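Single-structure report; data block below.
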Amino acid sequence: MARRLLSIGECMVELMQADGGLMRKSFAGDTFNTAYYARLFLPTDWSVDYFSAVGTDTISYEMLAFMEGHGIGTGDIARIEGRAPGLYMIHLNNGERNFSYWRSVSAAKLLARDPHRLRHAIEAADVVVFSGITLAILPFEDVDTLLAELRRAKASGKLVAFDPNIRPRLWDSAERMRATISDGARAATLVMPSFDDEAAHFGDASITETITRYRALGVADVVVKDGANGATLAFGEAKFNVPSATVEQIIDTTSAGDSFNGGFLARYVLTADAASSASFAAELAASVIQHHGALVPRDKLPA
């Protein structure tokens, strides 16, 4: 029987460095990146769909064609007149990245405006993916709408995966950011945070503190990503570390965590083996950061 992964969030126009001082255009965004990598490694009896909103302009239709060309369904993406996709530019310094953003009229900010469309899409999915960025871009009332539907999905037994992906510049206050991230975790069955974010913004002194805090919010399973230190997993009563993979040269760390998430989910939903899924995801992320841009072609990735 066909199964379905639904990823919810914002895809943006991506401008990245190219040869000769030029910029190369692509499309990316945290939950879309996760969907892209999941699609690469899931079998054909799984569909991968994106839930978002775009405009009715030329670049919006280019984005939809790009998604469809990479096997990601766009039937749950709303078209909103007068809106357009956001845009970001990657700036690199020895492989580490920072970004400039232009997203004031981003259509994705209205992705949860229609609660019936949202409920229908989530009910049709087996796995649902969202992030702290998904929550950060939405109006207050739409955050409540989205989280209510995700709690319904969790209660019905779906795998609801949440990456807190903490970006302070997207929030109007640190207090609301922490509160909303915590609410997002309460709606999830699997949380996949990055330890540096959790230490910086929640004050966690150790990975054990991060796991304990999310478990106290009702999260069943936790995968804490910690860069070169690998990932620490807490699944059921088991807690264990999976080492990072060898990286010859870091070119661009964009999408390191997103690709890990997509690789992990693609393996985990097939095998239910968290350790081997994390090992595969670590190999995938290590390969991704040795190339430019968020989305690396399949032929440059692990077999």
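Please determine whether any residue of the range 116-124 is touching a residue at least 60 places away in the same chain (Cβ under 8 Å), touching a helix residue (DSSP H, G or I) at 6+ places or on another chain (Cβ under 6 Å) and not small (G, A, S). There is at least one residue in the range 116-124 that is touching a residue at least 60 places away in the same chain (Cβ under 8 Å), touching a helix residue (DSSP H, G or I) at 6+ places or on another chain (Cβ under 6 Å) and not small (G, A, S). Count of the range 144-184 residues, restricted to those that are among the hydrophobic types (A, V, I, L, M, F, W, C) and surrounded by 22 or more Cβ atoms within 10 Å (Cβ to Cβ), is 8.
Against the conditions (1) crowded, with 21+ Cβ neighbours inside 10 Å; (2) part of a helix (DSSP H, G or I); (3) of a type in the set (A, V, I, L, M), V296 satisfies every one except (2).
Just one of the listed residues (E237, E209, E141, E248) is of a type in the set (D, E), modelled with pLDDT under 95, surrounded by fewer than 21 Cβ atoms within 10 Å (Cβ to Cβ) and more than 30 Å from P302 (Cα to Cα), namely E237. When T232 is tested against the conditions (1) under 23 Å from F130 (Cβ atoms); (2) in a helix (DSSP H, G or I), the lone failure is (2).
Scanning the range 81-90 for residues that are touching a Lys or Arg at 6+ places or on another chain (Cβ under 6 Å) and outside any loop (DSSP other than H, G, I, E, B) turns up just one, I90. When the test is whether a residue is over 17 Å from L265 (Cα atoms) and crowded, with 16+ Cβ neighbours inside 10 Å, D204 passes it. With respect to (1) of a type in the set (S, T, N, Q); (2) surrounded by fewer than 18 Cβ atoms within 10 Å (Cβ to Cβ); (3) touching a strand residue (DSSP E or B) at 6+ places or on another chain (Cβ under 7 Å), the lone exception for S131 is condition (2). Scanning the range 251-290 for residues that are buried (at least 17 other Cβ atoms within 10 Å of the Cβ), within 13 Å of V223 (Cβ to Cβ), of a type in the set (A, V, I, L, M) and in contact with a Leu (Cβ under 8 Å, 6 or more places away or on another chain) turns up L265, A274, A278.
Results for (1) among the hydrophobic types (A, V, I, L, M, F, W, C); (2) within 23 Å of L146 (Cβ to Cβ); (3) outside any helix (DSSP H, G or I), shown as yes or no for each residue.
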position: A200; (1), (2), (3): yes, no, no
position: I211; (1), (2), (3): yes, no, no
position: K239; (1), (2), (3): no, no, yes
position: E248; (1), (2), (3): no, no, yes
position: F260; (1), (2), (3): yes, no, no
position: L265; (1), (2), (3): yes, yes, no
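The values are calculated or read from the model by the stated rules, or taken from the named source; none is laboratory data. Everything numeric in this text was worked out from a predicted model, so none of it was measured. Glycine gets a Cβ as well: all are built from the backbone with ideal geometry, and neighbour counts include every protein chain shown.
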